[in-house]
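Here's the structure we're looking at; comments come further down.
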Amino acid sequence: MNDIILETKYLCKEFNGFKAVSDVNLAIERGHIHALIGPNGAGKTTCFNLLSKFLVPSSGQIIFNGRDITTAKPAQIACMGIIRSFQISAVFPHMTVLENVRIGLQRKLGTSFHFWKNSVSLRHLNDQAFFLLEQVDLAEFADMRTVDLPYGRKRALEIASTLSMEPELMLLDEPTQGMGHEDVSRITALIKKVSAGRTILMVEHNMHVVAGICDKITVLQHGALLAEGSYAQVSGNPDVIEAYMGSTENNYQGTHI
């Protein structure tokens, strides 16, 4: 039996009678990179917000490591090891790259008030911060103000900051959104690199990224699960092709769903 780290059972979310997520059953295997995809309006973001506890389900269950977290708060699941990134770059722009990563490391100090400590007293965290920056190829930018980083590098910094919180499960929301080809390739390779020993669930529109690194893919349409499997399986599924292209008669190429 596969080792399931996160699962949902008949997960639903309604907004004024509209079902944005409808009876979704997910099973995320430990150590895998799992993608959640679907056409616009499929319910991906709502589902992601439910999993990261920014929304409360209307019904159903969310289970992490065998524990029901359906009613848990975002801060509670973060302490359990579920850490999320967002579509919009979420860094402290006027801090240095090193300081951004160090903030995540400060959580281990046991109280949020350490956030306000003098930077000199936090130097003992610098070695760990540098190590994480090396993991994402940002060590040479350590002393740069984050506002001056190129967009793709900011996304890499977000991944480093996420790693600083020692996630067991990383939820990555559109990690390559708005990037050029070079940055997409860099971030894709980076996600693959940092996935070692971790589990990653990602929402991603770029099918080249999904095809290249994901072990399993779940396709949503109208809030419900449409298909699931490897990229080869879902990209050849007639229902998936129709959902993306509008008709099975369209000229379809597998990497373009």
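Laid out as a table, the results:
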| item | result |
| --- | --- |
| Residue among Asp127, Asp183 that is among the charged types (D, E, K, R) and in the same structural domain as Gln106 (by TED's automatic domain parsing) | Asp127 |
| Test set (1) more than 25 Å from Glu29 (Cβ to Cβ); (2) surrounded by 15 or more Cβ atoms within 10 Å (Cβ to Cβ); (3) of a type outside the set (Ser, Thr, Tyr) - Gly180 fails condition number | (2) |
| Count of residues meeting criterion [buried (at least 18 other Cβ atoms within 10 Å of the Cβ) and either small (Gly, Ala, Ser) or not assigned by TED's automatic domain parsing to the domain that holds Glu174 (or both)] in segment 197-210 | 0 |
| Test: residue in segment 14-23 that is more than 16 Å from the chain's Cα centre (by Cα), among the hydrophobic types (A, V, I, L, M, F, W, C), in the same structural domain as Ile241 (by TED's automatic domain parsing) and farther than 30 Å from Gly178 by Cβ | no |
| Strands (runs of 3 or more DSSP E) completely within segment 4-103 that count 2 or more residues being surrounded by fewer than 18 Cβ atoms within 10 Å (Cβ to Cβ) and at negative phi | 4-15, 18-24, 27-29, 59-64 |
| Qualifying position, being in a strand (DSSP E or B), of a type in the set (Asp, Glu) and closer than 27 Å to Asp23 by Cα, among Glu228, Glu242 | Glu228 |
| All positions within segment 121-164 that are in a helix (DSSP H, G or I), β-branched (Val, Ile, Thr) and surrounded by 17 or more Cβ atoms within 10 Å (Cβ to Cβ) | Thr146, Ile159, Thr162 |
| Which listed residue, of Lys73, Lys19, is touching a residue at least 40 places away in the same chain (Cβ under 8 Å) and out of contact with any strand residue (DSSP E or B) (no Cβ under 6 Å at 6 or more places or on another chain) | Lys19 |
| Residue check for Leu50: touching a helix residue (DSSP H, G or I) at 6+ places or on another chain (Cβ under 7 Å) and not small (Gly, Ala, Ser) | no |
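Let's see how each residue does on (1) under 27 Å from Gly229 (Cβ atoms); (2) modelled with pLDDT of 90 or more; (3) touching a Pro at 6+ places or on another chain (Cβ under 8 Å):
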residue: Val24; (1), (2), (3): yes, yes, no
residue: Gly43; (1), (2), (3): yes, yes, no
residue: Ser59; (1), (2), (3): yes, yes, no
residue: Ile69; (1), (2), (3): yes, yes, no
residue: Ala72; (1), (2), (3): no, yes, no
residue: Phe92; (1), (2), (3): no, no, no
residue: Val97; (1), (2), (3): no, yes, no
residue: Leu105; (1), (2), (3): no, no, no
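The values are calculated or read from the model by the stated rules, or taken from the named source; none is laboratory data. The model shown is predicted, which means the values in this text are computed figures rather than measured ones. Glycine gets a Cβ as well: all are built from the backbone with ideal geometry, and neighbour counts include every protein chain shown.
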